[in-house]
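Report on one structure; see the data block that follows.
The values are calculated or read from the model by the stated rules, or taken from the named source; none is laboratory data. A quick note: this is a predicted structure, and the numbers were derived from the prediction, not measured. Counting neighbours? That spans all protein chains shown, and the Cβs are built from the backbone with ideal geometry, glycine included.
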Amino acid sequence: MRLRVGTPVDLSDLRGQPMTKSVLDTATERIMDSLTLLVADLRNEKPPAVRWDPAQKGQSAIGRDFEKNNPDSNQGRNAQQDGTDTK
């Protein structure tokens, strides 16, 4: 296993601004750009010119809607909004 830690992502210009969609999108883009470069470096590849956008392929932003298409997928668990499970 290889582990790489990148340099901190500078979000200082966003500090103190209202938590708007625009501010969150800006922060997310910077973080994702940094992660994309790190993954490309780990793989010894060039990063893609355009990052994968699930919306362009009709996919959910989180996961692939597996649970919606497979009612048995929770395997007896009750997934909570915070990511924890209860039995």
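The table for this structure:
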{"read-out": "Leading residue by the ranking (farthest from ARG2 (Cα to Cα)) among those in region 15-65 that are modelled with pLDDT of 90 or more and small (Gly, Ala, Ser)", "value": "GLY16"}
{"read-out": "First in region 41-58 and surrounded by 10 or more Cβ atoms within 10 Å (Cβ to Cβ), second anywhere and at pLDDT 90 or above and of a type outside the set (D, E, K, R), Cβ under 7 Å, 6 or more apart", "value": "PRO47/THR36; PRO47/LEU37; PRO47/ALA40; ARG51/MET32; ARG51/THR36"}
